[in-house]
Amino acid sequence: MNPREIVEAYLNALGERDYTVVRTLLADEGFVYRSPIANHTHADDYVNHVFMSDGVMQRLEIRKCFVDGNDVCHFLRVHAQISEKITHDLVHWAHVDQGRIDHIEVLFDASLYKSFFPAAR
């Protein structure tokens, strides 16, 4: 698979809550995840974080994708439920190395999440 196909397989697995597939698409060594609410340097820790946050995300939509070599950037719309249903847009930038995602950076307005994720304060 090319980098875009790998990242979109990962995003689809996230949307389907198939964390076994999510994990297989992430690098075993050198993995980094950064967002306004969490930072992880091990894929297993990241997958556990996503699993524990499972109930928040209701649906994920890909709005646009840009590819530059092994860098894949998606503009996403996330439908979530915290105390009420919300929709917000985010940017998801992933880097693929040797067929697996080794870096993910997510940018979005996290003001609604800060009370739920103490590390984001």
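The values are calculated or read from the model by the stated rules, or taken from the named source; none is laboratory data. Remember, it's a predicted structure, so these values are computed and weren't measured experimentally. Counting neighbours? That spans all protein chains shown, and the Cβs are built from the backbone with ideal geometry, glycine included.
Scanning region 28-41 for residues that are of a type outside the set (Gly, Ala, Ser), part of a loop (DSSP other than H, G, I, E, B) and closer than 13 Å to Ile101 by Cα returns Asp28, Glu29, Phe31, Thr41.
Taken together, the criteria place Gly69 among residues that are in contact with a helix residue (DSSP H, G or I) (Cβ under 8 Å, 6 or more places away or on another chain) and modelled with pLDDT of 95 or more. All conditions in (1) under 12 Å from the mean Cα position of the chain (by Cα); (2) surrounded by 14 or more Cβ atoms within 10 Å (Cβ to Cβ) hold for Phe51, with the sole exception of (2).
Considering the conditions (1) within 19 Å of Asp102 (Cα to Cα); (2) part of a loop (DSSP other than H, G, I, E, B), Asp44 is excluded by exactly one of them, (2).
Listed conditions (1) modelled with pLDDT of 95 or more; (2) closer than 19 Å to Val22 by Cβ; (3) more than 14 Å from the chain's Cα centre (by Cα) are all met by Trp93, apart from (3).
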